[in-house]
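Undergrad: Next up is a structure, given as structure tokens.
The values are calculated or read from the model by the stated rules, or taken from the named source; none is laboratory data. Please read these numbers as outputs of a predicted model, since none were measured by experiment. Reconstructed Cβ throughout: ideal geometry from the backbone, glycine too, with neighbour counts over all protein chains shown. Heavy atoms of the whole protein, side chains included, go into the accessibility calculation; ligands, DNA and RNA do not. Shrake-Rupley method; radii C 1.70, N 1.55, O 1.52, S 1.80 Å.
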Amino acid sequence: MGKVNHALSKTMLVTLNVALQDALTTPHPVQLKNGLSLSYGSFISEDKPGVFTLHNLQNQLATFSIQELPGCCGVAVSFYSEVDPTYREQGIGELLLKVRMSAMRNQKYGSAICTTVNSNEIEKKMLRNAGWIKLYEFRNPKTNNIIETFSVNL
């Protein structure tokens, strides 16, 4: 990835947290197993520039990265998005996708791209439902995985 602009990174952190709080005010908040929930106590931290973590008051729930495409200030790259296995299939991935897209729009990106392993049907469905389109696929020679590349106009 390209060099992270630290000023933009801090602005992205603020924008992500505002988008998270906006998403949590929807009529259907995310209810987790064991009586936990995502609420106003939930927040996003930045572990290192461009690498973010979603927390509720008790636990770390998910991680993801957003960086600017090197050479093009209008495209954001969303990558390494992963929900902790304990909290999967509870709506966190969809919530985070909504939050990331909102934050990228507010940061004035015109487009975003991401990749996923083609066997990850849940993520591909989530991306398609949010308006992302598949651009192409290729075999990663380092892992031998089939990788699908998606994009969305923000």
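Undergrad: What list of ³J(HN,Hα) couplings, whole Hz, do you get for the stretch 53-64 from phi and the Karplus terms 6.51, -1.76, 1.60, once you set θ to phi - 60° and write x for glycine and proline?
TA: Residue by residue, the stretch 53-64 yields 10, 8, 10, 9, 5, 9, 9, 8, 9, 7, 10, 6 Hz.
Undergrad: What part of the accessible area of the stretch 35-97, given as a whole %, is carbon or sulfur when the probe is 1.4 angstrom?
TA: Solvent-exposed carbon and sulfur of the stretch 35-97 make up 53 percent of the total.
Undergrad: Amide H neighbours of residue 145 under 5 Å, at least 5 residues apart or on other chains, H built in the peptide plane: list them.
TA: HN-HN under 5 Å from residue 145: 140.
Undergrad: Now a separate question. Can you tell me the order of 98-109, 134-145, 114-125 when each peptide is scored by its average per-residue count of other Cβ atoms within 10 angstrom, highest first?
TA: 98-109, 114-125, 134-145
Undergrad: Additional query: Measuring with a 1.4 Å probe in the full set of protein chains, what accessible area per residue, in whole Å², belongs to the stretch 82-154?
TA: 59
Undergrad: I would also like to ask the following. Along the Cα→Cβ direction, 7 angstrom out, place labels at residue 69 and residue 153. What is the inter-label distance in nm?
TA: In this crude label model, residue 69 to residue 153 measures out at 1.4 nm.
Undergrad: Amide H to amide H under 5 Å from residue 84: which residues, 5+ apart in sequence or cross-chain, H placed 1.01 Å off N in plane?
TA: Amide H to amide H, under 5 Å and 5 or more residues apart or across chains, residue 84 pairs with 62, 63.
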